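See structure below.
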Amino acid sequence: VAASAGGLQKREFIIQRYGERLSTVVALAEAIINKHRRLIDSGSVTDAEARKAAMEELRALRYDSGNGYVWINNSEMPVPRMIMHPFERNLEGKDLDLPQYEGEIDGVRKNVFVAFVEACERTGSGYVSYDWPKPLPDGKMTPARFPKLSYVKRIEGWDWIIGTGVYTDEAMDRIKDDISK
């Protein structure tokens, strides 16, 4: 969403009406991670086994009729690395420094994954508005980019940033549906 007054109002409206849903999904993802971390503490699994199991459980997590998902990146700077993305497995383990990950975020051109790290550095979690391709039914991504709002949270001790988001047009459609019921 652009940094215009109308764009900021739309962003705040979506956060107000849809933000709790995004933060709840991230809280669920964090609970899944914590379940696996407790297995480490009990001596049932190694750290590597727990991370892998948590990652695979999050990879399968879907909501909003299968369109919503959770991804994981790390907080390395100057550019983070993708840990897990359910639709773009080819990104996993790669630095996210390609030009396609840059866009206007809060009026400044920057890497969206850097913006996720910065949001988490400020308060441990936060919302970020940016543009991103939409997943297609065949698992590929659209070449066009669409406005999206994501909620991200740092997982302390694992250097993971987990996040989920919603395309703003889809969020507005769901909000309209909820209001008309």
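The values are calculated or read from the model by the stated rules, or taken from the named source; none is laboratory data. A quick note: this is a predicted structure, and the numbers were derived from the prediction, not measured. Cβ sites come from the backbone with ideal geometry, for glycine too, and all protein chains shown count toward neighbours. The area values use the complete protein model at the heavy-atom level, side chains included, leaving out ligands, DNA and RNA. Shrake-Rupley method; radii C 1.70, N 1.55, O 1.52, S 1.80 Å.
Among the residues of the range 104-124, is any among the β-branched types (Val, Ile, Thr), touching a residue at least 12 places away in the same chain (Cβ under 8 Å) and in contact with a Pro (Cβ under 8 Å, 6 or more places away or on another chain)?
Of the residues in the range 104-124, the ones among the β-branched types (Val, Ile, Thr) are 105, 108, 112, 114, 117, 123.
From what is left, the residues that are touching a residue at least 12 places away in the same chain (Cβ under 8 Å) are 105, 112, 114, 117.
After this cut, where a residue has to be in contact with a Pro (Cβ under 8 Å, 6 or more places away or on another chain) as well, the list is 114, 117.
Yes, the range 104-124 contains at least one residue that is among the β-branched types (Val, Ile, Thr), touching a residue at least 12 places away in the same chain (Cβ under 8 Å) and in contact with a Pro (Cβ under 8 Å, 6 or more places away or on another chain).
Condition check: in contact with a Lys or Arg (Cβ under 9 Å, 6 or more places away or on another chain), under 22 Å from residue 26 (Cα atoms), of a type in the set (Lys, Arg) and modelled with pLDDT under 85. Does residue 81 satisfy that? No, not satisfied.
The residues listed here are 76, 49, 57; of these, the one that is surrounded by fewer than 17 Cβ atoms within 10 Å (Cβ to Cβ) and either within 14 Å of residue 160 (Cα to Cα) or in contact (Cβ under 8 Å) with a residue 40 or more places away in the chain (or both) is 76. Residue 156 satisfies every condition listed in (1) surrounded by 15 or more Cβ atoms within 10 Å (Cβ to Cβ); (2) at pLDDT 85 or above; (3) over 22 Å from residue 86 (Cβ atoms) except (1). Of all positions in the range 46-55, at least one carries a residue that is outside any helix (DSSP H, G or I) and among the hydroxyl-bearing types (Ser, Thr, Tyr). The number of residues in the range 160-181 that are open to solvent by 60 Å² or more (accessible area, probe 1.4 Å) and touching a Ser or Thr at 6+ places or on another chain (Cβ under 9 Å) comes to 0. Considered as a group, the residues in the range 21-46 that are without any contact (Cβ under 8 Å) to a residue 60 or more places away in the chain and among the hydroxyl-bearing types (Ser, Thr, Tyr) include one that is surrounded by the fewest Cβ atoms within 10 Å (Cβ to Cβ), and that residue is 42. Does residue 145 satisfy the condition of being closer than 25 Å to residue 53 by Cβ, outside any loop (DSSP other than H, G, I, E, B), touching a residue at least 40 places away in the same chain (Cβ under 8 Å) and in contact with a strand residue (DSSP E or B) (Cβ under 8 Å, 6 or more places away or on another chain)? So residue 145 fails the test.
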